[in-house]
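This report concerns only the one structure given below.
The values are calculated or read from the model by the stated rules, or taken from the named source; none is laboratory data. All figures in this text were calculated on a predicted structure; none of them were measured in a lab. Neighbour counts are summed over all protein chains in view; Cβ atoms, including those assigned to glycine, are modelled from backbone coordinates with ideal geometry.
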Amino acid sequence: MICNEDVVGWFRDLKSYSRIDTMCIMLNMCLPFELRFLGTYLEELGRRDAPELRGAELKVNNPQEFIADIASGEPTDQRIRRKMALFLALYRACNHAYANELFKTLEGWGARPDLQRLFEEDDQQELLLVYTMATNHPVFSFEQRLHWPSSLGQPITLTYAGLPGLTQVRCW
């Protein structure tokens, strides 16, 4: 049996990109009525930070702001990587206005042959966060989402080892 405390402890210790990927996988397993409830619950949680993020959200969903701030940036710049993660977090799923520009920017980042050698571990985790968010973001087409791991030159491997009781789970 898996205890809630063990799962919460395991989840808390995951890196940010693994938490997002895990949540996306788990949400994909929910029934429609469960998703509706969770959507309501998440909206209510999001209201706490809404005033602080409102200005950033308006800026993110403005194509001129994106092009000025991010499109010309390099993944080697910590400020640009963090801004890209914020952009992806606040980018509306219905805003297809510059999704292709965003895709081209991330594709350009992944096309760098020296990408893996450029960063320390924390930098690579920030980059994995950005690509994990892009892989799961609904604004991108299915084909675009499949492109991210290959643009990095290797699959993005997220491990779930250490989850108490995982060896007891059976899949049918």
Qualifying residue in the range 80-96 (condition: touching a His at 6+ places or on another chain (Cβ under 9 Å), part of a helix (DSSP H, G or I) and closer than 22 Å to residue 28 by Cβ): yes
Where a residue in the range 125-146 is closer than 15 Å to residue 82 by Cβ and of a type in the set (Ser, Thr, Tyr) and its partner, wherever it lies, is outside any helix (DSSP H, G or I) and at pLDDT 90 or above, with Cβ under 9 Å and at least six apart: none
Long-range neighbours under 6 Å by Cβ, at least six apart or interchain, first residue within 20 Å of residue 121 (Cβ to Cβ) within the range 7-18, second modelled with pLDDT of 90 or more and β-branched (Val, Ile, Thr): 17/132
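Conditions (1) modelled with pLDDT under 90; (2) farther than 21 Å from residue 126 by Cβ; (3) surrounded by fewer than 13 Cβ atoms within 10 Å (Cβ to Cβ); (4) out of contact with any Pro (no Cβ under 6 Å at 6 or more places or on another chain), marked per residue:
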{"position": "33", "(1), (2), (3), (4)": "no, yes, yes, yes"}
{"position": "36", "(1), (2), (3), (4)": "no, yes, yes, yes"}
{"position": "47", "(1), (2), (3), (4)": "yes, yes, yes, yes"}
{"position": "50", "(1), (2), (3), (4)": "yes, yes, yes, yes"}
{"position": "55", "(1), (2), (3), (4)": "yes, yes, yes, yes"}
{"position": "79", "(1), (2), (3), (4)": "yes, no, yes, yes"}
Scan of the range 114-166 for residues that are within 29 Å of residue 8 (Cα to Cα), outside any helix (DSSP H, G or I) and either β-branched (Val, Ile, Thr) or modelled with pLDDT under 85 (or both), ordered by number: 120, 155, 156, 157, 158, 159, 160, 161, 162, 163, 164, 165
Tabulated pairs, the range 37-59, first part of a helix (DSSP H, G or I), second among the charged types (D, E, K, R) and surrounded by 10 or more Cβ atoms within 10 Å (Cβ to Cβ), C-beta under 7 angstrom, 6+ apart or interchain: 59/65
Some residue of the range 9-17 being of a type outside the set (Phe, Trp, Tyr), within 14 Å of the chain's Cα centre (by Cα) and part of a helix (DSSP H, G or I): yes
